[in-house]
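Data block below; observations after.
Values quoted throughout were computed directly from the atomic coordinates according to the rules given, and no laboratory measurement underlies them. What you are looking at is a predicted structure, and each value in this text was computed from that prediction instead of being measured. As a convention, Cβ positions derive from the backbone with ideal geometry for all residues, glycine included, and neighbour counts pool all protein chains shown.
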Amino acid sequence: MLNLLNFAANGGGTTVIIILIILLVIFIIIALSSIRVVRQSEAVIVERLGRYHTTWNTGIHWLVPFIDRVKRYRSHGSFGFQNFVNLKEQLRDYPPQPVITKDNVTMQIDTVVYFQITDPKLFSYGIEDPEAALENLTATTLRNIIGELELDEALTSRDLINNKMRIILDEATDPWGIKVIRVEVKNILPPKDLRDAMEKQMRAERERRELILIAEGEKRSEILKAEGFKQAQILTAEAKKEAMIREAEGQAEAILRVNEATAQALELIKNVAVDKGVLTLKAYEALVEMSKG
């Protein structure tokens, strides 16, 4: 400093001012480059002299130059790096994995995992490459679960497989700062010969159901025809019965009217004092009429 002052006193003040301006500009550049803005749904891990120092959340922060360092992470799906931890719910669609069922059938199953980073510090220091570890853990867990199921159970128990995998993965990734939210079995592909056999079985089942439906329809049609014929016979018999009743009632009414007329005639005959021979003749005539009825 004394040398600079002596130099300035001897006429070198212009050079000193230039040097100071250059140093000030460098300081300003370093200070500005040390400012960090953390966006929403992101977190930044700061290391000081190689050790964990703090976690930055949303807002403006200042990084101490040459002492603090922001931890970097490999970007998913690319070969680059990023300086923050993504706190949003994320999706990973893993490629199909060969698995073997309990009855020794090899299938290809691919899964989709939904997860969220809940602790950036644990995510950064819990395990090396957490996303690769999650992918491998998903594959091994899927093999273990499918290995306990037979083919038919594996094809019809997706909800059971999803729930088991979610519980196991969530417990295993908790020390890594990861929360597994959902696990979905996307596709289950049995071997081609088995798929062909299953397709033939399904086609035969559909044909069997079609024949059953046709037979049921024909049966129902015959039943309806028989019921219709039965109802027609019943109605015919009821009509004949009603006709006979009406005919009998008419005949009874006619006989009653004849008897009443005969009685009235006999009363008239009695009143006019007809002799016994006439009465006998009229009685015979009335009997003849009654016998006709």
- Query: What residues of segment 21-45 lie in the reach of a label at His53, counting those whose backbone N is under 17 Å from a point 7 Å from the Cα along Cα→Cβ?
  - Reply: 30-38, 43-45
- Collect residues whose amide H, placed 1.01 Å from N in the peptide plane, falls under 5 Å from the amide H of Gln97; neighbours closer than 5 in sequence don't count. Ile109, Asp110
- Quote to one decimal, in nm, the extra length available between Glu153 and Ile234 on full extension: 0.36 nm per residue of separation minus the C-alpha distance between them. 23.5 nm
- Residue among Thr106, Thr118, Thr262 with the largest mean-square fluctuation in a Gaussian network model of the chain, springs linking Cα atoms under 10 Å: Thr262
- Item | Potential lengthening between Ile21 and Glu247 on full extension [0.36 nm per residue; Cα-Cα distance subtracted] | 67.6 nm
- Note on the structure: Among Gln108, Gln82, Gln233, the residue with the largest mean-square fluctuation in a Gaussian network model of the chain built from Cα contacts under 10 Å is Gln233
- Note on the structure: In the chain, whole DSSP H helices that both stretch 27 Å or further along their axis by alpha carbon positions and average at least 1.6 on the Kyte-Doolittle scale are 13-33
- Estimated 222 nm signal from helices in the chain, with DSSP H stretches of n ≥ 4 weighted -39500 (n - 2.57), rounded to 500: -20000 deg cm²/dmol
- Message: As I understand it, the dipole of the chain uses +1 on the Cβ of Lys and Arg and -1 on the Cβ of Asp and Glu, about the Cα centre. Which of Ala215, Ile188, Ser75 lies farthest toward its positive end?
- Response: Ser75
- Message: Could you compute the net charge surrounding Trp62? Neighbours are other residues with a C-beta less than 14 Å from the C-beta of Trp62; K and R count +1, D and E count -1.
- Response: +2
- Task: With unit charges on the beta carbon (Lys/Arg positive, Asp/Glu negative), name the residue among Ala139, Gln116, Ser157 whose Cα is farthest towards the positive pole of the charge dipole of the chain.
- Result: Gln116
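In segment 75-120, which trypsin sites (Lys or Arg not before Pro) fall in coil by DSSP and have 11 or fewer other Cβ atoms within 10 Å? Show your work: numbers first, answer last.
On the way: sites: Lys88, Arg92, Lys102; in loops: Lys88, Lys102.
When the trypsin sites (Lys or Arg not before Pro) of segment 75-120 are filtered for loop state and at most 11 Cβ neighbours within 10 Å, Lys88 remain.
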